[in-house]
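Q: There's a structure below that I have some questions on.
The values are calculated or read from the model by the stated rules, or taken from the named source; none is laboratory data. All of these numbers come straight from a predicted model, not from anything done at the bench. Note: ideal-geometry Cβ built from the backbone for every residue, glycine included; neighbour counts use all protein chains shown.
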Amino acid sequence: MLRQTLKDTRSADARLGFGRERTAVGRLPGTLTRLPASGAEITRGKALYAVDNQPVVVLYGSLPAYRALAKGSEGPDVRQLEENLAALGYTGFAPDEEYTDATARAVRRWQDDLGLKETGTVEPGRVLFTAGAIRVAGLEAELGDQTGPGRKLLSYTGTARAVTAELDISDRRLAKQGTAVQVTLPDGAAVQGSIGGVSTVSKPAEGQKKAETKIKVVVGLTDARAREAVRAYDEAGVHVTFTAGTRKDVLTVPVAALLALAEGGFGVELVEGSTSTYVPVTTGLFADGRVEISGSGIARGAKAGMPK
């Protein structure tokens with residue numbers, strides 16, 4: 001028996017890119033008169049695209065724009081709008097959940113700066129709220145196309161580099177948000193990351209492949225050294241090492257040494273000279289073909305019999 005540190009790890013192929021892609025869907029009817037280039041980065045207050053030569057603007061926030069905002073509106077979406085206006089330098093109000101005359105005046109100034117009609121009302125579809133600055137991943141429409149509610153226009157991601165991996169459902173234990181992982185780059189360099197997002201994706205049957213469900217994991221790069229190391233790559237294949245559990249300084253035996261006991265549970269054969277005894281054990285972490293065990297008579301240096 002050995003005393004060692006066990007790690008329950010698994011490596012998976014992954015892709016270095018910019019993380020999860022989302023789709024921007026049109027809501028305003030009209031003609032597309034401006035679209036961004038793939039790879040363009042759009043920050044708060046900047047136009048993402050234009051319909052009938054009027055911009056649709058990126059603002060930051062977690063709550064999607066779902067209604068018109070005007071004098072008398074109340075709620076967290078009002079605060080979200082006001083916080084953005086304040087961040088863009090508009091004044092005369094304090095961000096709260098009430099859309100007042102002061103809010104409307106700030107909105108009119110903002111609309112004037114954008115070249116929009118100064119209504120003091122923010123119509124649905126004029127703003128796309130995102131978690132932060134975005135990067136255009138690809139276009140699903142062309143200049144001159146007609147757009148309207150539900151029309152897919154483009155896909156986008158965040159601007160931070162991220163790694164995306166897929167795991168089998170049976171490896172769900174490995175995918176815990178906030179868990180540290182190791183990312184191995186194409187040149188062999190290893191950098192540290194952290195699981196930032198976990199989702200379940202269903203893949204339909206295709207050709208000879210059966211339908212399957214996977215766990216999609218997005219890994220963020222957690223330190224400056226890691227972010228600097230990936231600057232040489234746009235998109236590239238990488239490897240991610242996930243660690244589900246670690247047990248330090250524990251007694252282990254090969255998994256093959258475990259015996260199923262008639263009364264239930266597991267035991268091992270302890271061999272001493274020409275004699276042997278069977279003792280029950282409590283199992284812990286399984287990893288790398290070995291298993292953590294404890295129990296009466298289980299000590300470092302004891303010899304465990306192996307089935308023949």
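Q: On the given criteria, is residue 100 touching a strand residue (DSSP E or B) at 6+ places or on another chain (Cβ under 9 Å) and modelled with pLDDT of 95 or more?
A: no
Conditions (1) closer than 18 Å to residue 11 by Cβ; (2) outside the structural domain of residue 167 (by TED's automatic domain parsing); (3) in contact with a strand residue (DSSP E or B) (Cβ under 7 Å, 6 or more places away or on another chain); (4) not basic (Lys, Arg), marked per residue:
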| residue | (1), (2), (3), (4) |
| --- | --- |
| 195 | yes, no, yes, yes |
| 198 | yes, no, yes, yes |
| 210 | no, no, no, no |
| 224 | no, no, no, yes |
| 238 | yes, no, yes, yes |
| 241 | yes, no, yes, yes |
| 261 | no, yes, yes, yes |
| 267 | no, yes, yes, yes |
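Q: Filter segment 163-182 down to the residues that are surrounded by fewer than 16 Cβ atoms within 10 Å (Cβ to Cβ) and among the small types (Gly, Ala, Ser), then identify the one that is nearest to residue 203 (Cα to Cα).
A: For segment 163-182, the residue satisfying everything is 170.
Q: May I pose another question? Would you be able to say whether some residue in segment 43-52 is in a strand (DSSP E or B), closer than 30 Å to residue 288 by Cβ and among the β-branched types (Val, Ile, Thr)?
A: no
Q: Give the residue, chosen from 241, 277, 222, that is of a type in the set (Ser, Thr, Tyr) and within 24 Å of residue 306 (Cβ to Cβ).
A: Just a single option satisfies the conditions, and that option is 277.
Q: Here are some conditions: (1) of a type outside the set (A, V, I, L, M); (2) over 15 Å from residue 13 (Cα atoms); (3) in a strand (DSSP E or B). Residue 178 meets all but one. Which one does it not meet?
A: (3)
Q: Ok, one more. Can you tell me how many residues within segment 183-206 are free of Cβ contacts under 8 Å to residues at least 60 places away in the same chain, surrounded by 12 or more Cβ atoms within 10 Å (Cβ to Cβ) and within 16 Å of residue 218 (Cβ to Cβ)?
A: 6
Q: To continue, here is another question. Can you pull out every residue in segment 146-162 that is surrounded by fewer than 14 Cβ atoms within 10 Å (Cβ to Cβ) and farther than 30 Å from residue 73 by Cα?
A: Matches in segment 146-162: 146 only.
Q: If you check every pair at least six apart or on different chains, which have Cβ atoms under 7 Å apart with a residue in segment 225-252 that is without any contact (Cβ under 8 Å) to a residue 60 or more places away in the chain first and a residue that is part of a strand (DSSP E or B) second?
A: 225/191; 226/191; 226/192; 226/193; 229/191
Q: Strands (runs of 3 or more DSSP E) wholly in segment 200-308 with at least 3 residues that are on the phi < 0 side of the Ramachandran plot and within 22 Å of the chain's Cα centre (by Cα) - which ones?
A: 212-221, 236-254
Q: Next up: Go over the candidates 6, 2, 59 one by one and state the one that is under 25 Å from residue 156 (Cα atoms) and among the hydrophobic types (A, V, I, L, M, F, W, C).
A: After ruling out the rest, the residue left standing is 59.
Q: Restricting to segment 53-99, give me the number of residues that are over 19 Å from residue 111 (Cβ atoms) and among the hydrophobic types (A, V, I, L, M, F, W, C).
A: Here the count works out to 2.
Q: Looking only at segment 1-25, how many residues end up being in a loop (DSSP other than H, G, I, E, B) and at pLDDT 95 or above?
A: 0
Q: Consider segment 224-246. How many of its residues are among the polar types (S, T, N, Q) and surrounded by 14 or more Cβ atoms within 10 Å (Cβ to Cβ)?
A: Residues flagged as among the polar types (S, T, N, Q) and surrounded by 14 or more Cβ atoms within 10 Å (Cβ to Cβ) within segment 224-246 amount to 2.
Q: Considering each residue of segment 75-108, count those that are part of a helix (DSSP H, G or I), in contact (Cβ under 8 Å) with a residue 12 or more places away in the chain and over 33 Å from the mean Cα position of the chain (by Cα), and give that number.
A: The number of residues fulfilling the criteria is 7.
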